[in-house]
Each structure stands twice: as C-alpha cells, then as structure tokens.
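Okay, structure first, notes after.
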Amino acid sequence: MVKVSKKVNTKEIFRGLQSQMEAKLTFNRNIISHPTSKGTASELEWTEMLSTYLPKRYCADSAFVMDANGNISEQIDIVIFDRQYSPFILRQNGVTYIPAESVYAVIEVKQELNKANIEYAQKKAASVRKLSRTSAPIPHAGGVFDPKKPARILAGILTVDGTLSLEVQEKLANAGDGRVLNFGCSLAGKTYFSLPKLHPWDQNSRPYEIVNKTDDNSLVNFFMNLVAELQKVGTVPAIEIEAYLKGEGELI
C-alpha cells in the first residue's frame with residue numbers, strides 16, 4: 001500500500017498562477033507601448049487563464065453579443081458562455097458573435113482599477129444586459145421542461161494594478177440594475193471585490209453589500225467567487241431558434 005505523504009494545497013497553486021499572471025501582465029505593460037496591443041495581450045492572458053481553469057461547460061472568448069432582433073452589444077473583452085443549448089456561435093472575419101441566451105458573464109479587461117475604468121465596464125455590461133433573450137422548452141427522457149427564466153448576466157472587471165477608493169465602492173454599491181459589477185480583481189494591487197448577496201433573478205435593493213479586500217490571494221478569491229456566482233446561475237436557457245429565424249435582424 002502506497003502511503004501519500006503530501007496533500008495538494010490549492011491556494012499555493014493559485015498563488016503560483018497569480019505570480020505568473022502578474023509577471024506576464026506587468027511585462028506586457030512595460031514592454032508593449034501601443035495601447036491597443038497592450039490591451040489585446042492582457043485580454044489573451046486572462047482568457048487563457050479562465051479557459052484553462054473554469055469547468056469545461058464554460059467557454060471564454062472576446063466577442064459581440066447579439067439577440068434575435070438583430071441588436072448587438074459593444075465588443076466585450078471576455079464573454080463566458082455555454083455551448084450546450086446554443087447551436088450557433090458565429091465567426092466572421094475574425095469577429096465572434098454570441099447569442100445573448102448563451103451568456104453567463106461579461107468581463108472588461110483594463111490596466112488600472114479606477115473610477116473611469118469601472119464606469120467603462122459598467123457601460124459595456126449594460127450594452128449586453130439590455131438585449132432580449134429567448135427561452136425554449138427543453139425535452140428530456142421524462143417529458144419536457146418548461147422554458148426557464150433567464151438569470152441576470154454577471155459582469156466584472158480584471159486589471160493589472162489599482163485599488164478601489166471609497167468613492168468607487170459607493171458607486172458600485174448604488175449602481176443601477178443594468179450596470180452592476182458582480183466582481184473584480186487587481187493582480188499587482190492585490191485587490192478583489194464581490195457583491196455576494198445579489199440574487200440572479202430577483203430585484204436587489206441598494207446599496208448592495210460589497211466585499212472589498214486587499215491581500216496576496218486576490219486571484220484565488222476572485223476565481224473562487226466567479227465560480228460561486230456561475231453556480232448560482234446554473235444553466236443558461238435553451239435558445240428559441242425560431243425567434244432568430246423570424247427576427248427583424250439579419251443573421252450574420
């Protein structure tokens with residue numbers, strides 16, 4: 001019988017990942033001078049991390065989000081989405097379009113965690129949350145599940161540096177329903193925040209309770225909180241294909 005002498009320390013694994021991410025992103029910021037190229041490099045690093053560590057049911061990519069009426073969101077740095085009940089993810093000329101029904105979360109990637117970037121991330125989130133979403137019945141072995149009410153799409157921000165001032169925390173706590181940011185992380189700033197008591201379906205009263213902490217485990221805490229929020233949502237609704245075929249917008 002082989003005796004196991006050691007246990008895996010998951011926090012140490014994520015601390016190592018945080019050190020790697022911080023080194024890569026800081027290097028990119030110091031070496032790449034072009035703002036767009038710098039932002040793209042950061043997006044790719046964060047997307048790769050999420051794609052690697054999130055459960056396989058979740059996909060992560062930069063994309064536009066669209067609805068059955070032909071409306072399209074602003075371009076989103078990272079969209080976390082589900083392929084199980086969505087038969088099409090459209091890619092054209094290097095641009096990805098994802099049906100709103102498939103979206104779990106949208107995340108903005110910036111260099112600094114500050115007021116301006118928080119407001120920008122809120123604006124991006126609102127452009128997705130205002131889109132229409134369909135919901136179709138789901139056949140199963142015992143019959144058919146009724147159409148599921150879509151949960152509120154999660155939103156957040158990921159940065160290399162910066163912290164949250166009291167002014168920005170108050171802004172986050174009093175954001176309108178469409179502009180709520182559920183979570184955020186600053187690697188070099190060792191900061192993370194979350195709004196853990198928000199309900200995915202119900203109206204939530206303001207001010208929201210914010211957990212804002214600064215410690216060496218910011219990436220660990222951000223990631224674990226992201227997974228917890230995704231678990232609250234469960235599974236996205238099945239897309240109603242006929243709505244897209246009959247919609248006023250043109251499929252791309």
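Before moving on, here are some points about what is shown:
- Across the stretch 199-206, not a single residue is classified as touching a residue at least 12 places away in the same chain (Cβ under 8 Å) and either assigned to a helix (DSSP H, G or I) or hydroxyl-bearing (Ser, Thr, Tyr) (or both).
- Scope the stretch 232-247; condition in a helix (DSSP H, G or I) and over 30 Å from Pro196 (Cα atoms); matching residues: Ile241, Glu242, Ala243, Tyr244, Leu245, Lys246
- Looking only at the stretch 142-197, and only at residues there that are of a type in the set (D, E, K, R), surrounded by 14 or more Cβ atoms within 10 Å (Cβ to Cβ) and in contact (Cβ under 8 Å) with a residue 40 or more places away in the chain, the one that is farthest from Thr235 (Cα to Cα): Asp161
- Annotation: Ala121 fulfils all but one of (1) surrounded by 18 or more Cβ atoms within 10 Å (Cβ to Cβ); (2) over 14 Å from the mean Cα position of the chain (by Cα); (3) not aromatic (Phe, Trp, Tyr); the unmet one is (2).
- Considering the stretch 170-186, the residues that are charged (D, E, K, R) and in contact with a Lys or Arg (Cβ under 9 Å, 6 or more places away or on another chain) include one that is farthest from Ala151 (Cα to Cα), namely Lys171.
- Residue list for the stretch 112-149, restricted to those being more than 20 Å from Val211 (Cβ to Cβ), of a type outside the set (Lys, Arg) and modelled with pLDDT of 90 or more: Glu112, Ala116, Glu119, Tyr120, Ala126, Ser127, Val128, Leu131, Ser132, Thr134
- Subset of the stretch 70-110 (residues that are charged (D, E, K, R), over 25 Å from His140 (Cα atoms) and within 17 Å of the chain's Cα centre (by Cα)): Glu74, Asp77, Glu108, Lys110
The values are calculated or read from the model by the stated rules, or taken from the named source; none is laboratory data. This is a predicted model, so every value here is computed, not measured. Neighbour counts are summed over all protein chains in view; Cβ atoms, including those assigned to glycine, are modelled from backbone coordinates with ideal geometry.
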